[in-house]
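For reference, the structure discussed in these notes is given below.
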Amino acid sequence: MTQSTTPGVLLEVREASRSFGHVRALDSVSLTIAENEFFALLGPSGCGKTTLLRSIAGFEHPDSGAILLGGRDLLALPPNKRPVNLMFQSYALFPHLSVASNVAYGLKREKLPKAEVTQRVAEVLDTVGLQTMADRRPAQLSGGQRQRVALARAIVKRPRLLLLDEPLSALDRKVRAEMQLELKRLQHEVGITFVVVTHDQEEAMSMADRIAVLAEGRVQQVASPLELYRHPANLFVADFIGTSNLLAGPSDRERLMVRPEDARLVTPGEGTLSGTVLDTQFQGGTSTVAVEVSTLAKPFLVCEPGATAAVRGTEVGLVWDHSVVVGEGLA
Amino acid sequence: MPSRTAGRAAGRAAGRRTGLGWLWLPLGLCALFLYLPILVLVAMSFNGGGSAYRWDGFSFRWYAELARDSDLIEAVVTSLGIATGATAIATVLGTLLAVGLARHTRSKMLEAAAMAPAILPDLVLAIGLLAFFYMAGIPKSALTILLAHAAFGTAFVVAVVRARLAGSDAALEEASRDLGAGGFSTFVLVTLPSIAPAVVAGALLVFTLSLDEFVIAYFTAGPTTETLPITVYAMVRTGVTPEINALATVLVLISVTVVVVAARAVRRTEKS
Ligand SMILES: Nc1ncnc2c1ncn2[C@@H]1O[C@H](COP(=O)(O)OP(=O)(O)O)[C@@H](O)[C@H]1O
Ligand SMILES: [Mg+2]
């Protein structure tokens, strides 16, 4: 039995790999997730996020590698014996049971006394704001309410780790923004470690303490949102997180990255680069100016506070305060 | 029931709006085509005369005859016994087989093999079973018919339940496991409720198929076992009397009752 000794580490994934035919869904993935962390798995569709989550929950089995929870080997346990709960992307609420019975389902499997089940169900429904919906069927709820039931059903079990597969993807924009805040509040309140899967970088950035960026089954970088944004490990991460201007780097295999808000417009001839203003966009608090530079394939974007003075078609110079060298290849 | 009348009125209004009201005509003709023979059959069971074709005034005479016909009653009892046993076996095996096929394999071969007895001509199955029972040294009796009916009934239950499972979400069963339920609890608490209507439908199908199955029963019956279709066949060969009509009417009544009760039961499980 392998023993993880690092204090504060809850989950440890060691070189987990999983192939489906020729597709390498997970390619030697290693990660550690700390107690009480809000952790996000971020990457484009098909990069292996769900496969990793399902491996932790027990519905997939890695071909090789190990997954440890608090030092204990998880892979030896069937899904119903793992102190981990998964919130399914489709919510997977039991259609023939009421909201309260859906939430009580997991507690009844633990053979808890009836009174305790009733009390904990009432408490958790209160936490997610569904106390008046206890007797409804899932079919009688809105998308946002269903999502809360799925969440309540998982957290009422008080798992050591809660896995959420694209928890907000089925909701419309406005509800999604609300739920991002709500999920963060809940995670604080219940004190459970959350692992959220998402393909939406803004969502990951706004919720997570730390993010693992995945591509083609491999971990590209694990870091805080700020670190990912300021110091992306490679071109893939730089491109996937926020917007970036990519210029020729010091070598063939490297590029120079400049974030739009680190760049400024100056009079022509004074800048590091020069070009023509292609377009300006006013976004309220900020404006984005797109500058066509003859040596670049894509327009150079500059983010300025307030309304911009730039005029379409005029010549401008470009300077920046901060730039990062990023490698081209995937990890 | 005010809501139901309102629904009907709304339906009529919708028919007028969409211009599809004329569809009532073909619907009516179809219903007539399907149910007129049954209506005639029921009417003639109350015939006072001895012909099944010529009306001779109203009477319960043939029902009295039926009640005294011990051979026929014995055949009914035999057939009901066989149908009940075959239904029980086929429903349990067929449901488990369908769940296994839907959730634990991707083999199209296994699936085809499980459903083949439902598609094979009865005659093929009958000859095959006859040979099998002979070679296995099992004497033919009511029990061999029951086993034969259970065999093809299983295939029908698999077909009906498998179709229902194809439309249901495997994530529900995973969610149940995730919440701490073992495989058996998950089957009873999640899988079964979601396929219950299909299981009941499959059971009804097997029951009615078994009740009037002739070819396989004829081949696998022992020398003294007489199922209802075999007995009726023998009776009809010596001339049709309204007693057959009376018998058929009783069977229609039983079938309708069973179907209505089953439909109610399904609706109740879906609600609770
Ligand atoms: N059960 C499976 N059978 C075959 N291929 C699969 C299976 N599950 C996932 N894959 C493949 O593995 C890759 C990763 O899938 P997934 O983990 O679902 O990605 P994500 O959740 O990041 O979109 C995809 O190419 C997908 O097609
Ligand atoms: Mg996914």
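The values are calculated or read from the model by the stated rules, or taken from the named source; none is laboratory data. This one's a predicted model, so the numbers in the text were calculated from it and none came from an experiment. Virtual Cβ from ideal backbone geometry, glycine too; neighbours counted across all protein chains shown.
Does A:GLY43 satisfy the criteria of being assigned by TED's automatic domain parsing to the domain that holds A:GLU189, touching a helix residue (DSSP H, G or I) at 6+ places or on another chain (Cβ under 9 Å) and more than 16 Å from A:GLU166 (Cα to Cα)?
no
Considering each residue of segment A:107-146, count those that are free of Cβ contacts under 8 Å to residues at least 60 places away in the same chain and more than 14 Å from chain B (Cβ to nearest Cβ), and give that number.
Counting residues in segment A:107-146 that are free of Cβ contacts under 8 Å to residues at least 60 places away in the same chain and more than 14 Å from chain B (Cβ to nearest Cβ) gives 22.
Which one of these is under 19 Å from A:ILE155 (Cα atoms) and facing chain B (nearest Cβ under 8 Å): A:ALA92, A:ALA100, A:ALA104?
A:ALA92
Table: residues versus (1) assigned to a helix (DSSP H, G or I); (2) surrounded by fewer than 19 Cβ atoms within 10 Å (Cβ to Cβ); (3) within 14 Å of another protein chain (Cβ to nearest Cβ).
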residue: B:LEU192; (1), (2), (3): yes, yes, yes
residue: B:ALA203; (1), (2), (3): yes, no, no
residue: B:THR208; (1), (2), (3): yes, yes, no
residue: B:GLU226; (1), (2), (3): no, no, no
residue: B:PRO229; (1), (2), (3): yes, yes, no
residue: B:ASN245; (1), (2), (3): yes, no, no
residue: B:VAL250; (1), (2), (3): yes, yes, no
residue: B:VAL266; (1), (2), (3): yes, yes, yes
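Looking at A:LEU168, is it without any contact (Cβ under 8 Å) to a residue 40 or more places away in the chain and either touching a Pro at 6+ places or on another chain (Cβ under 7 Å) or within 16 Å of ligand 2 (Cβ to nearest atom) (or both)?
yes
Of the residues that make up segment B:69-76, is at least one aliphatic (A, V, I, L, M), over 21 Å from B:LEU228 (Cβ atoms), surrounded by 13 or more Cβ atoms within 10 Å (Cβ to Cβ) and without any contact (Cβ under 8 Å) to a residue 40 or more places away in the chain?
No: segment B:69-76 contains no residue that is aliphatic (A, V, I, L, M), over 21 Å from B:LEU228 (Cβ atoms), surrounded by 13 or more Cβ atoms within 10 Å (Cβ to Cβ) and without any contact (Cβ under 8 Å) to a residue 40 or more places away in the chain.
Name the residues in segment A:245-254 that are modelled with pLDDT under 90 and either under 22 Å from A:THR308 (Cβ atoms) or crowded, with 18+ Cβ neighbours inside 10 Å (or both), would you?
A:GLY249
Considering only residues of segment A:41-91 that are in a helix (DSSP H, G or I) and of a type in the set (S, T, N, Q), which is nearest to ligand 2 (Cβ to nearest atom)?
A:THR50
What helices (runs of 4 or more DSSP H) completely inside segment B:23-139 contain at least 1 residues that are within 27 Å of B:PHE156 (Cα to Cα)? Walk me through it before giving the result.
Values: elements: B:24-44, B:61-68, B:70-104, B:108-119, B:122-135.
Of the helices (runs of 4 or more DSSP H) lying wholly inside segment B:23-139, those with at least 1 residues that are within 27 Å of B:PHE156 (Cα to Cα) span B:24-44, B:70-104, B:108-119, B:122-135.
Considering every residue within segment A:202-214, establish whether at least one is over 29 Å from A:GLU182 (Cβ atoms) and either hydrophobic (A, V, I, L, M, F, W, C) or assigned to a strand (DSSP E or B) (or both). Break it down stepwise before answering.
We begin by selecting, within segment A:202-214, every residue over 29 Å from A:GLU182 (Cβ atoms); these are none.
So far as segment A:202-214 goes, no, none of its residues is over 29 Å from A:GLU182 (Cβ atoms) and either hydrophobic (A, V, I, L, M, F, W, C) or assigned to a strand (DSSP E or B) (or both).
Considering B:ARG162, B:ARG177, which residue is crowded, with 17+ Cβ neighbours inside 10 Å, basic (Lys, Arg) and within 14 Å of chain A (Cβ to nearest Cβ)? Don't jump to the end; show me each part of the working.
Details: B:ARG162 fails: within 14 Å of chain A (Cβ to nearest Cβ).
None of the other options fit; the residue is B:ARG177.
Mind listing whichever residues of segment A:52-68 are surrounded by 21 or more Cβ atoms within 10 Å (Cβ to Cβ) and either more than 14 Å from chain B (Cβ to nearest Cβ) or more than 16 Å from ligand 1 (Cβ to nearest atom) (or both)?
Within segment A:52-68, A:LEU52, A:PRO62, A:ILE67 qualify.
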